[in-house]
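The values are calculated or read from the model by the stated rules, or taken from the named source; none is laboratory data. Just so you know, these numbers come straight off a predicted model, no measurement behind them. Reconstructed Cβ throughout: ideal geometry from the backbone, glycine too, with neighbour counts over all protein chains shown. The accessibility values were calculated without ligands, DNA or RNA, using every heavy atom of the protein model including side chains. Shrake-Rupley method; radii C 1.70, N 1.55, O 1.52, S 1.80 Å.
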Amino acid sequence: MVIFGWRTTIQQLRMLQLVCGHCHHQSAHNLFRRYTKPTIFFIPLFTISSRYGLQCTFCGVSYDISKIHARQLV
């Protein structure tokens, strides 16, 4: 029997001071990278998808951004 699955991991890249597009407050935003890897017997193999995002710490809204935009913010 082979145990196969997926593991999604969130990696924090930076904390930034930005104005939120949702609540319009200047607050800290968490810049993160979310990536998914297939696993066999709970061992992660390789990255199959990677997405970047920002999350406002004031209102909690989270939205995806492009890889190019994330690299400019870092």
Q.
So residue 72 ticks every box in (1) open to solvent by less than 60 Å² (accessible area, probe 1.4 Å); (2) free of Cβ contacts under 8 Å to residues at least 24 places away in the same chain; (3) not aromatic (Phe, Trp, Tyr) but one. Which box is left unticked?
A. (1)
Q: Find the residue count for region 37-59, including only residues that are surrounded by 12 or more Cβ atoms within 10 Å (Cβ to Cβ), in a strand (DSSP E or B) and either in contact with a helix residue (DSSP H, G or I) (Cβ under 6 Å, 6 or more places away or on another chain) or in contact (Cβ under 8 Å) with a residue 24 or more places away in the chain (or both).
A: 8
Q. Between residues in region 1-13 that are at pLDDT 95 or above and residues that are open to solvent by 100 Å² or more (accessible area, probe 1.4 Å) and not small (Gly, Ala, Ser), which pairs lie under 6 Å by C-beta distance while being six or more apart or on different chains?
A. none
Q | Residue match in region 14-36 (condition: assigned to a strand (DSSP E or B), charged (D, E, K, R) and open to solvent by less than 100 Å² (accessible area, probe 1.4 Å)) | A | yes
